[in-house]
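Below is one structure, written out as structure tokens, with a few remarks after it.
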Amino acid sequence: MKPAIVRDGIGGRLPTGAAGPAAFLALFCALLPAARTVRAAESGPLEIRLRSGGLERTCLVHAPANRSAAAMPLLLVLHGGSGTADGMVTLTQGRFDALADRDGFVVGYPQGVGRSWNDGRRDLPSRATLERIDDVGFFRELVADLSRRFPIDRRRVFVAGISNGGIMALRLACELPRDVRGVAAVGASLARDLAGGCRAPSAVSVVEIAGTTDPIVPYAGGEVRALGAPRGAVLGAPSTAELWAAKAACRAPAVETDLPAPISDGTRVRKIERPGCASGARVVLYRVEGGGHAWPGGRPYLSERLIGKTSRNLSACDAIWEIFSGLK
């Protein structure tokens, strides 16, 4: 009997049953790219295609229906390893699209080469890393392309991502500080291979949302592992926040706040912020106690046994946009 197929929340299609572990392992290989030519589906987002680095790239785009001619913020949302752009819409349950309609901004969901992003982990066995895909260059070209199609405020370009996509977002913060106003990393922290070259002062805001019991990307840092296989190393959420607080010249002590936990799902959320950053940036860590490798408030894409708990005591989309929308 063939295994059943289910769509994972990070963006791919995963077989259940005996083939599940191998497919799950593929989830955490890497992620990126997008393309040119606009195709409007009968309903839903536009698909934009463009050429970048000799490859055709694609990006799903949701623009608010009732938009004015005024310049709008742009938010790019990056899927995780082995993911897809439409899977990222599913994972977030369309919440970013709803917020875009409410507040007037453009949301883009780029697709990674080989369902992976070249996120800075040098030994990651993904297509994007092995082929040295220029995802940083692709990001620049995608923002320029979208700015020709929509009235984008280039001073308010944001990136959010999960897992491989979150690590990629942090790479963009390191390498394109003049092009990115803020990034958010869910279930991700800065690649250890990038840390030494990411210490220059920066006004980029960083939001981290990390589960303390994440079985894939360790909260405290170390080796990323999927079903026992190594996938490079990361600094960890607390160390990434501290590194960024130093870059943003945040001199005041951290302010910690326990958020309400109305749902008894085994998770609680503590917001840890370094205020008073001289650069005007915000550095915020949402520590999800008992949380796993998941998008809080989003769709659980695999069983709790494999990825841990998906917290219902935080909406990652709302938390991220609340901070980004306040940056001018």
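Details
- Karplus-based coupling profile of segment 76-88, in residue order and whole Hz: 9, 10, 9, 5, x, x, 6, x, 9, 4, 5, x, 5, with θ = phi - 60° in 6.51 cos²θ - 1.76 cosθ + 1.60 and x standing for Gly or Pro.
- The chain: most fluctuating residue of L78, L142, L227 per GNM, C-alpha cutoff 10 Å: L227
- Residues whose amide H comes within less than 5 Å of that of T84, counting only those at least five positions distant or on another chain, are G11, G12 (H built at 1.01 Å from N in the peptide plane).
- Gaussian network model of the chain, springs between alpha carbon atoms under 10 Å - residue of G80, G187, G137 with greatest fluctuation: G137
- Estimated vicinal HN-Hα couplings, Hz - segment 94-110 in sequence order (Karplus 6.51, -1.76, 1.60; Gly, Pro = x): x, 5, 4, 4, 5, 5, 5, 5, 6, 9, x, 9, 9, 10, x, 10, x
- Translational diffusion of segment 150-195, µm² s⁻¹ [Kirkwood Rh, Cα pairs; Stokes-Einstein; 25 °C; 0.890 mPa s]: 228 µm²/s
- With the convex hull of the Cα atoms taken as the outline of the chain, the averaged projected area works out to 16.1 nm².
- Taking label points 7 Å from Cα along the Cα-to-Cβ direction, K328 and S68 give a separation of 1.6 nm.
- 3J(HN,Hα) along segment 196-212: x, x, 10, 10, 5, x, 8, 9, 6, 7, 10, 10, 10, 10, 9, x, 6 Hz, from the Karplus curve 6.51 cos²θ - 1.76 cosθ + 1.60 with θ = phi - 60°, whole Hz, x for Gly and Pro.
- Residue separation of R199 and R149 scaled by 0.36 nm, minus their Cα-Cα distance, works out to 14.6 nm of gained length.
- Percent of beta bridges antiparallel (DSSP, the chain, rounded to nearest 5): 55 percent
- Each Lys or Arg adds one and each Asp or Glu subtracts one; over the other residues with Cβ under 11 Å from the Cβ of C250, this totals +2.
- Segment 41-175, Rg to Rh (Cα coordinates; Rh as Kirkwood inverse mean 1/r): 0.95
- For segment 180-328, the spread of Cα positions along the three principal axes, ordered from largest to smallest, is 42, 36, 25 Å.
- Expressed as a fraction of 2.2 N^0.38 Å, the C-alpha radius of gyration for segment 115-173 is 1.21.
- The Cα atoms of segment 196-251 give a gyration tensor whose axes a ≥ b ≥ c have a/c of 1.5 or more with a/b greater than b/c, which makes the shape prolate.
- The portion of the accessible surface of the chain made up by carbon and sulfur, rounded to a whole percent, is 51 (1.4 Å probe; DNA, RNA and ligands excluded).
- Separation between Cα centres of segment 168-206 and segment 251-328, rounded to whole Å: 18 Å
- Per residue, the chain exposes an accessible area of 40 Å² to a 1.4 Å probe, with every protein chain left in place.
- Set of segment 280-296 residues, backbone N closer than 18 Å to the point 7 Å along the Cα-Cβ line of R102: 296
- Sequence-separation-based contact order of the chain, relative, with Cα cut under 8 Å and 6+ spacing, percent: 15 percent
- Calculation over all alpha carbon pairs of segment 222-276 in 5 angstrom steps from 0 returns a P(r) of 4, 15, 16, 14, 16, 17, 13, 4, 0 percent.
The values are calculated or read from the model by the stated rules, or taken from the named source; none is laboratory data. Bear in mind that the values here come from a model prediction, so they are computed numbers and not experimental data. Please note: Cβ atoms are built from the backbone with ideal geometry, for glycine as well, and neighbour counts cover all protein chains shown. What goes into the accessible areas is simple: the full protein's heavy atoms, side chains included, and nothing from ligands, DNA or RNA. Shrake-Rupley method; radii C 1.70, N 1.55, O 1.52, S 1.80 Å.
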